[in-house]
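Single-structure report; data block below.
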Amino acid sequence: MDHISLGSIKTIKMKKIIAIIILTATLVSCSKSEFVEYDSVNGFLQIENVPGVIGEDDEEPLVITISLGKTDNPNGTTVDFEVESADASRYEITPSNGSLEIPAGEFTGEITVTPINNIIVDGRVDVTISLSESNATPIGIGGEGMERASATFGIEDDDCPIDSAAFVGTYSVSEVFSAGGTNAGLSLAAAFGEVYQVELTQVMGDESGTRFLINNSAGFNQFFPADTSLTFLTCPGEVSVNGSAPVNVALFADMTITSSSYDEGTSTINLAGPLGNYGAYEIQLVRN
């Protein structure tokens with residue numbers, strides 16, 4: 001009868017085969033990535049390295065690769081994962097149901113994170129992708145659930161802060177036909193014998209501090225329709241009035257706003273564009 005020495009037994013028990021497998025994508029093969037494989041019967045799942053930060057204005061989505069550390073995958077492998085963050089409105093996850101399939105014969109699957117570029121000053125949000133401990137296949141390098149069982153990255157805000165208090169209040173209205181034509185230098189207030197004054201109030205519940213309503217002051221002539229919307233586009237330093245639609249001015253004609261600006265220090269808002277077919281027109285709102 002053959003005998004196995006104690007030293008051989010220890011060697012067998014401690015043996016782990018560690019192989020670095022580098023798999024490259026080609027035109028005729030699927031996309032694969034680098035991962036560590038142990039000789040585990042059940043294999044293991046791990047998350048590949050991801051960047052620490054992406055921008056909310058990034059045009060390309062973030063692709064997170066999930067690797068299966070196993071010598072074969074004849075029946076396909078289901079991977080359940082969880083997503084945690086303080087604000088799920090900042091991104092879209094695919095697959096959205098928290099479960100992806102590594103097809104039979106393949107060894108990688110992908111989770112895609114698409115950042116949502118809003119116009120809200122909402123700072124950075126951290127997102128954590130974690131492989132579920134309920135997976136039939138062990139998670140983390142070697143199935144030990146410690147390394148590469150989860151990954152955290154940040155989505156960086158690309159919007160600029162604004163002091164909304166600087167724009168709440170009563171505004172005098174200066175307006176004039178600005179260039180060319182027979183109306184150059186003429187104001188509607190002078191032409192109609194009217195006086196304009198408006199009030200800016202912040203939209204209730206707007207945490208960004210960028211959305212306002214414009215209303216005419218009591219006792220003054222109508223300049224804008226009631227509850228005209230105004231949004232500060234903070235990074236370009238512009239404003240949007242009435243969305244992208246023309247806004248009626250002084251019950252007279254529609255103005256298409258083609259350029260705008262604001263100055264937080266002086267609490268002024270400038271708008272310019274054609275007023276109907278009457279020529280180039282400029283408006284300045286100055287807080288009283």
Within region 255-264, residues being assigned to a strand (DSSP E or B), of a type outside the set (Gly, Ala, Ser), in contact with a strand residue (DSSP E or B) (Cβ under 6 Å, 6 or more places away or on another chain) and closer than 21 Å to Ile119 by Cα number 1
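Each row is one residue, and each column tells you yes or no for (1) touching a residue at least 60 places away in the same chain (Cβ under 8 Å); (2) assigned by TED's automatic domain parsing to the domain that holds Val203; (3) of a type outside the set (Val, Ile, Thr).
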position: Ser85; (1), (2), (3): no, no, yes
position: Arg90; (1), (2), (3): yes, no, yes
position: Ile93; (1), (2), (3): no, no, no
position: Ser99; (1), (2), (3): no, no, yes
position: Thr112; (1), (2), (3): no, no, no
position: Asn117; (1), (2), (3): yes, no, yes
position: Val125; (1), (2), (3): no, no, no
position: Ile129; (1), (2), (3): yes, no, no
For region 116-168, enumerate the residues that are touching a Lys or Arg at 6+ places or on another chain (Cβ under 8 Å) and of a type in the set (Phe, Trp, Tyr). Phe167
Name the one entry in Ser267, Ser260, Ser187, Ser229 that is surrounded by 15 or more Cβ atoms within 10 Å (Cβ to Cβ), modelled with pLDDT of 95 or more, more than 31 Å from the chain's Cα centre (by Cα) and not charged (D, E, K, R). Ser187
Could you list, in sequence order, all residues of region 115-147 that are in a strand (DSSP E or B) and small (Gly, Ala, Ser)? Ser130
Residue list for region 117-134, filter: surrounded by 14 or more Cβ atoms within 10 Å (Cβ to Cβ) and at pLDDT 95 or above: Val125, Asp126, Val127, Ile129, Ser130, Leu131, Ser132
Residue count for region 262-288, restricted to those that are touching a Phe, Trp or Tyr at 6+ places or on another chain (Cβ under 8 Å), without any contact (Cβ under 8 Å) to a residue 40 or more places away in the chain and either under 14 Å from Val168 (Cβ atoms) or polar (S, T, N, Q) (or both): 2
Residue within region 59-73 that is among the basic types (Lys, Arg) and farther than 30 Å from Ile162 by Cα present: yes
Taking region 152-167 and keeping only residues that are in contact (Cβ under 8 Å) with a residue 12 or more places away in the chain and either outside any strand (DSSP E or B) or closer than 17 Å to Ile102 by Cβ (or both), one is left with Asp157, Asp158, Asp159, Cys160, Pro161, Ile162, Asp163, Ser164, Ala166, Phe167
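The values are calculated or read from the model by the stated rules, or taken from the named source; none is laboratory data. Being a predicted model, the structure only gives us computed values, none of them experimental. In this analysis, Cβ positions are derived from the backbone assuming ideal geometry, glycine residues included, and neighbour counts consider all displayed protein chains.
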